[in-house]
Amino acid sequence: MRILLTNDDSIQAKGLAVLWSQLKEIAEVMIVAPDRERSATGHGITMDIPLRAEKTSLFDGKAWVVNGTPADCVKLAVNCLLDEKPDLIVAGINRGSNLGVDIFYSGTVSGALEGIILGFPAMAVSVTEYMNPDYRYAASFTKKLALKVLRTGGICKDTLLNINVPSVAPDQIQGVEITRLGSRKYINSFDARVDPRGKAYYWLGGEVVDHVDESSADDTDVASIRDNKVSVTPIQVDLTNYRAMETLKDFFDDLP
């Protein structure tokens, strides 16, 4: 069994190393990861400069470092670098959560999503702490879930599993929930500054706002993390709003 491992925090990231140490116990693991941090790159791919992949001695020499995005890494791995196709693609472990609308910005989720686009089962894994994350439980959980996916021949090859793990001690984890995407928005704030040459520049900050419906049982990823539960959200590529399709049909009845 073969696993392709990537991330968006770079080839040097601790989360990548911790996850590799677990996954190599159940499969042959090949790593193709960015040469520097590529957080919040979304599903960007590189088309204006050549991509370069260099073999590295890290991870027992079964790794390449690429001057591109996570999506680039997966594309390049599957089409050019790997001698055999992977049975599973895993992206992570990301430092910081990927909940709600985060998935549209996340390089981690996009790396896994590229795997789905190419026809492979895929998982994206994140821990909810950014400053001092502990990756050990998330890595152990991912290994167990990956083994189930590998043994069953993949779970819905058109659907990736987006996993978020609370950054708490293992004995404080309150279980696992299958969730939907929650409501997470950012109040964007730009800090306007002036450089030494007198030109303005802007530093993007922002405050996250999580909405949890307290009036009913909430099955979102945001609520799951709030309750110290591991969130597993199945995500598909098809973003079509089928309900809106029916409504829009009436818009054009009187048009040629």
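Residue by residue through the stretch 1-15, note down the ones that are within 16 Å of A139 (Cα to Cα) and not in a loop (DSSP other than H, G, I, E, B). The answer is I3, L4, L5, T6, K14, G15.
In the set (1) modelled with pLDDT under 90; (2) in contact with a strand residue (DSSP E or B) (Cβ under 9 Å, 6 or more places away or on another chain), D218 fails one condition alone, (2). Restricting the first member to the stretch 11-25 and to residues that are over 19 Å from P86 (Cβ atoms), and the second to residues that are at pLDDT 95 or above and assigned to a helix (DSSP H, G or I), the beta-carbon pairs closer than 7 Å and six or more apart or on different chains are V18/A139. Just one of the numbered conditions (1) modelled with pLDDT of 95 or more; (2) part of a strand (DSSP E or B) is not true of A77: (2). Based on this model, can you work out whether V65 counts as among the β-branched types (V, I, T), under 15 Å from S10 (Cα atoms) and either at pLDDT 95 or above or outside any loop (DSSP other than H, G, I, E, B) (or both)? Taking the combined requirement at face value, the residue satisfies it.
Hey, could you check the stretch 40-52 for residues that are within 21 Å of the chain's Cα centre (by Cα) and surrounded by fewer than 20 Cβ atoms within 10 Å (Cβ to Cβ) and say which is farthest from C73 (Cα to Cα)?
Step one: of the stretch 40-52, the residues within 21 Å of the chain's Cα centre (by Cα) are 40-46.
Still in the list and also surrounded by fewer than 20 Cβ atoms within 10 Å (Cβ to Cβ): 40, 42-46.
Working: A40: 15, G42: 13, H43: 11, G44: 11, I45: 9, T46: 10 Å.
Only one residue fits best here, namely A40.
Yes/no matrix, rows are residues, columns are (1) surrounded by fewer than 10 Cβ atoms within 10 Å (Cβ to Cβ); (2) at pLDDT below 85; (3) in a strand (DSSP E or B); (4) within 23 Å of the chain's Cα centre (by Cα):
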position: R197; (1), (2), (3), (4): yes, no, no, no
position: V208; (1), (2), (3), (4): no, yes, yes, yes
position: A223; (1), (2), (3), (4): no, no, no, yes
position: T233; (1), (2), (3), (4): no, no, yes, yes
position: D238; (1), (2), (3), (4): yes, no, no, yes
position: K249; (1), (2), (3), (4): yes, yes, no, no
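Of all residues in the stretch 118-136, count the ones that are outside any loop (DSSP other than H, G, I, E, B) and buried (at least 20 other Cβ atoms within 10 Å of the Cβ). Write out each step before concluding.
Filtering the stretch 118-136 down to residues outside any loop (DSSP other than H, G, I, E, B) leaves 122-127, 136.
Subsequent filtering for residues that are buried (at least 20 other Cβ atoms within 10 Å of the Cβ) retains 122-127.
Residues flagged as outside any loop (DSSP other than H, G, I, E, B) and buried (at least 20 other Cβ atoms within 10 Å of the Cβ) within the stretch 118-136 amount to 6.
What do you reckon, is L58 of a type in the set (A, V, I, L, M), closer than 18 Å to Y130 by Cβ and crowded, with 16+ Cβ neighbours inside 10 Å? It is false that L58 is of a type in the set (A, V, I, L, M), closer than 18 Å to Y130 by Cβ and crowded, with 16+ Cβ neighbours inside 10 Å. Quick check on V90: is it crowded, with 23+ Cβ neighbours inside 10 Å, farther than 20 Å from L160 by Cβ and either among the polar types (S, T, N, Q) or touching a strand residue (DSSP E or B) at 6+ places or on another chain (Cβ under 7 Å) (or both)? No, not satisfied.
The values are calculated or read from the model by the stated rules, or taken from the named source; none is laboratory data. Keep in mind that this is a model prediction, so the values were computed, not measured. Please note: Cβ atoms are built from the backbone with ideal geometry, for glycine as well, and neighbour counts cover all protein chains shown.
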